[in-house]
Amino acid sequence: MKNNHLKILLAAPRGFCAGVDRAIEIVKKSIDKYGAPVYVRHEIVHNKHVVDNLKKIGAIFVEEIDEIEDKTRPVIFSAHGVPKSVPKEASNLNMIFVDATCPLVSKVHREAEILNKQDLHVLLIGHENHPEVIGTMGQLAKGKIELIETVEDAKRFQMKEDKKLAYITQTTLSVDDTKEIIEVLKERFPDIHEPKKDDICYATTNRQAAVKKIAKNCDNFFIIGSRNSSNSVRLVEVAKNNGCKAELIHSESNFPIERLKKCKTIGISSGASAPEILVDEFIDKIKKEFTVEIEEVEIVKENVTFKIPGKLN
């Protein structure tokens, strides 16, 4: 017997962004062109469901190129981007490689290089050890780029030489947290060079704005996504910062029936690397326990697409 009535506010946009769509398509097209297996350096996107499905059709995931047993097979670089040393290593080994780096991450890589050529010292606002940050920092020589993770880092940072400063950011950060860090840097270094256009990607911004709009009307927010997905974890933070209990529903999560019983209205969204099928499955489980009313709250329509590399067409 169903317990009671539950209203679901479904955030839109949610789920896959253009960069994730493109990266998954690159793996599929590479398998079509070169046959199986193809290797992928690091998870193509941070989602177990996506990775498992690609494994089934012939993708083998490794963390580094030296783990690849058969160097005659192609290797694909993940959507998060890679340090410059990685394509160089693949070239030295005469490997076929396909770069699935999101074009918005590539834009930040190019920014870093241009700023370095202009003799500016680059600060990267981001999270240590995230593959995107490792890739971006790996565009420049050691000491030419420094990581700023928190407001405290921004307050403590000291310039070691007499150079002008510039900042760039990881694309999947919290819009609000980044704003605070940038404000501190601008206050301390009024001449700091900033990107002409915000580095945080459109999909990150849109998903956070949708969650923010809904959160105040919810008893609990559920974000579908992986624990190592930066943009999914940020969505949980955004919901919490806007007055709502929130949690991540990942591949090993138990169905939160007891929490749902305490709610009248819940919010649901998903990170940019989470497929819509995972949202559908979560809602189907809820429907087995509750009488459900669903209202989709769309803040903007997304129509961004990115081209697949020419060599795969």
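None of the figures in this text is laboratory data; all of them are computed from the coordinates on show. Just so it is clear, the structure is predicted and the values come from calculations on it, not from any experiment. Here the Cβ positions follow ideal geometry from the backbone for every residue, glycine too, while neighbour counts run over all protein chains shown.
First obtain the Kirkwood hydrodynamic radius of segment 104-199 from its Cα pairs, then insert it into the Stokes-Einstein equation at 25 °C and 0.890 mPa s, and state the resulting D in µm² per second as a whole number.
Numbers: Rh = 13.2 Å.
Once the numbers are plugged in, D ends up at 186 µm²/s.
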| field | Euclidean distance between Cα centres, segment 106-145 to segment 4-44, Å | value | 26 Å
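Show me the trypsin sites (Lys or Arg not before Pro) within segment 191-241 that DSSP assigns to loop and that have at most 11 other Cβ atoms within 10 Å of their Cβ. Walk me through the numbers before you get to the answer.
Working: sites: LYS196, LYS197, ARG207, LYS212, LYS213, LYS216, ARG227, ARG234, LYS240; in loops: LYS196, LYS197, LYS216, ARG227.
Listed in order of number, the matching sites are LYS196, LYS197, LYS216.
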| remark: A student asked for the Cα radius of gyration and Dmax of segment 34-183 in angstrom ought to give 17.2, 54
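What do you get when you divide the Cα radius of gyration of segment 191-313 by 2.2 N^0.38 Å, with N the number of residues?
Details: Rg = 16.6 Å, N = 123, 2.2 N^0.38 = 13.7 Å.
After normalising by residue count via 2.2 N^0.38 Å, the value is 1.21.
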| task | Identify all lysines with a Cα-Cα distance to LYS88 below 21 Å; exclude those on the same chain that are fewer than 8 residues away in sequence. | result | LYS71, LYS107, LYS117, LYS142, LYS144, LYS311
| At most 15 other Cβ within 10 Å, DSSP loop - trypsin sites (Lys or Arg not before Pro), segment 1-96 | LYS2, LYS71, LYS84
| remark: Net charge (Lys, Arg +1; Asp, Glu -1) of residues whose beta-carbon lies under 10 Å from that of GLU111, GLU111 excluded, is +2
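Could you give the Stokes-Einstein D for the chain in µm² per second, using the C-alpha Kirkwood radius, 4 °C, 1.567 mPa s? Can you show the working numbers first?
Working: Rh = 20.8 Å.
Translational diffusion coefficient: 62 µm²/s.
Name the GluC sites (Glu not before Pro) in segment 1-109 that are in a loop by DSSP and that have at most 14 other C-beta atoms within 10 Å, would you? Don't skip to the answer; put the middle values down first.
Working: sites: GLU25, GLU43, GLU63, GLU64, GLU67, GLU69, GLU89; in loops: GLU43, GLU63, GLU64, GLU69.
Answer by residue number: GLU63, GLU64, GLU69.
Considering only the other residues whose Cβ falls under 15 Å of the Cβ of THR136, what net charge follows from Lys and Arg at +1 and Asp and Glu at -1? Walk me through the intermediate numbers first.
Working: positive: LYS84, LYS107, ARG110, LYS142, LYS144; negative: ASP99, GLU111, GLU113, GLU128, GLU132, GLU146, GLU149, ASP199.
Taking every Cβ under 15 Å from that of THR136, the sum is -3.
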| said: Between segment 248-285 and segment 180-198, what is the separation of their alpha carbon centroids in Å? | reply: 37 Å
| request: Might you report the magnitude of the Cβ-based charge dipole of the chain about its Cα centre, with Lys and Arg at +1 and Asp and Glu at -1, to the nearest 20 debye? | output: 540 debye
| message | Looking at segment 18-102, I'd like the Rg to Rh ratio, where Rg is from alpha-carbon atoms and Rh is Kirkwood's inverse mean 1/r. | response | 0.92
